[in-house]
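Let me begin by presenting the structure, written as structure tokens, before commenting on it.
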Amino acid sequence: MMNTVDCGLVFDSASAASYERCNAFTSLICLSDGSLICGFKSGPEKLCPTDRMILMKSDDQGKNWRRLFDGFDTEFNGVPGSFSGGYLVEIEPGRLLISLHWIDRSNPSLPLSNPVTSGVLPMKYLISESVDTGRLWTPLREVGLSPHPGASPTGAIHQLGNGQLMLAYESWKEWDAVDGDQSANVKLSDDGGSTWGEPITIASDLTKRLYYWDNRIIRQPNTNRLLAAYWTHDSGRGVDMPIHLGWGSADGKCWGRPRETAIHGQVAAPLFLDEDHLLLVYVHRHDPPSIRAVISEDRGCTWKLEDEIVIYRSGATAQAGMDRSRGEAEYWDDMVRWTFGHPKAVLMGDGSVFVVYYAPPLSSDRAFDGSEVSTATPALNIHWARLN
């Protein structure tokens, strides 16, 4: 059974400028030298037209953090935009790729989602490369995701066992589209990311009833098989379903149908501790709203729910919208109001698990079991916790 043994802040909004008060949508990587880089979006509000990307680095296993980079230009090809996330991978020691979720903000008065159609603003998948461990980055370039014009990255680019690169994304309806298909997809590259092949759909529902959101893909040790965790939503009933898991072949080309787990949650960060033990850090927005971690000893077939731990607990009851059925437009509004989430976990060299997530500032007497009550403030911090 794992426990939270330490915690702290990656980024504290209390000492930040007003335009960096709301920080969210974390990513995390443990580099080959043992250092950590955490990325997140930062802006004056939860989701706004001026959101930027910040990268923070720790050289002492998460105890102390320094700003590494915040210079990605939000304007792309002359069009104003914002970033809502960025995901890192180390291709070789010191050489990093980042995949960025860019949103067209040429009309800053428009919300992220059309309240009539539930389509989204134009989005792009942008990538950049660093050869000095994240201090300097190449100019941003776009990865075309046709025939999915409304699409966003859902995690870091993966380096597969055969040397290929694989990127993952999810598709949405365009802004004015009345109808559209939601799907989880990947693309493969044979040349280090210079070009990408045709999309491979890894999860979709032919009835268009089930949505497979926020696919988080990891690789199983030894076998190199791929496993994806999905926040799964029943659009017909307007409610979330339990988290689903789906297996893929080592080359990323063949995927099985996602299967329901017994875990009721949303965005999930899966992590193999070894070939059989699978850790899932996930967001639970029902009462009591929290971020939790649970282990499976048989690669996700069953889960030790009785040993589940709470990493963070909100002082509120169920988060906005989670106490009833709601339509797609309401869902987008809920996403703007939610005050914590988006966990990411990595395995450290000493066998501990390092987790980052976003949440409001905490009282100074926060207990390691996450039992504190968050303060009533619109600010959002980037938190870390260590599990052992």
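The numbers here are math on the coordinates, done by the rules we state, and not lab data. Just so it is clear, the structure is predicted and the values come from calculations on it, not from any experiment. Here the Cβ positions follow ideal geometry from the backbone for every residue, glycine too, while neighbour counts run over all protein chains shown.
Is segment 93-230 best put as rounded, prolate or oblate by its Cα gyration tensor, with a ≥ b ≥ c the root eigenvalues, rounded for a/c under 1.5, and otherwise prolate when a/b is larger than b/c, oblate when not? Verdict is oblate for segment 93-230. Between Ala17, Ala151, Ala269, the Gaussian network model of the chain with springs among Cα atoms under 10 angstrom shows the greatest mean-square fluctuation at Ala17. Got the relative contact order for segment 4-387 handy, in percent, Cα pairs under 8 Å and 6 or more residues apart? Across segment 4-387, relative contact order equals 15 percent.
Taking only DSSP H segments of four or more residues, each worth -39500 (n - 2.57), what value at 222 nm results for the chain once the sum is divided by all its residues, to the nearest 500 deg cm²/dmol? Only helices count here, giving -1000 deg cm²/dmol. Label sites at Leu273 and Leu9, each approximated as a point 7 angstrom past Cα along Cα to Cβ, lie 3.1 nm apart. Straight-line reach from Lys187: taking Cα to Cα under 27 Å and skipping same-chain neighbours fewer than 8 places apart, the lysines in range are Lys41, Lys124, Lys173, Lys208, Lys253, Lys344. By other beta-carbon atoms within 10 Å, ranking Met123, Met335 with the fewest at the front produces Met335, Met123. Once Rh for segment 154-249 is found with the Kirkwood sum over Cα pairs, what is the Stokes-Einstein diffusion coefficient at 37 °C and 0.692 mPa s, in µm²/s? This corresponds to a translational diffusion coefficient of 228 µm²/s. When Rg and the Kirkwood radius Rh are both evaluated on Cα atoms of the chain, their ratio Rg/Rh stands at 0.92. Note on segment 4-387: with charges restricted to the Cβ of Lys and Arg (+1) and Asp and Glu (-1), its dipole about the Cα centre is near 280 debye. Full extension of the chain between Glu142 and Ser352 gives 72.0 nm of extra length, using 0.36 nm per residue less the Cα-Cα distance. Footprinting exposure proxy ranking of Asp70, Asp176, fewest other C-beta atoms within 10 angstrom first, gives Asp176, Asp70.
Extension gain for Ser32-Asn224 works out to 67.2 nm (0.36 nm per residue, less the C-alpha to C-alpha distance). Largest mean-square fluctuation among Ser152, Ser99, Ser32, in a Gaussian network model of the chain whose springs join Cα atoms under 10 Å apart, belongs to Ser32.
If you take the Cα centroid of segment 155-183 and the Cα centroid of segment 200-256, the two points sit 11 Å apart. If R0 equals 35 Å, the separation of the Cβ atoms of Arg257 and Asp132 corresponds to a calculated FRET efficiency of about 0.25.
From the P(r) of segment 192-327, can you give the percent of Cα pairs sitting at distances over 21 Å? Of all Cα-Cα pairs in segment 192-327, 45 percent lie more than 21 Å apart.
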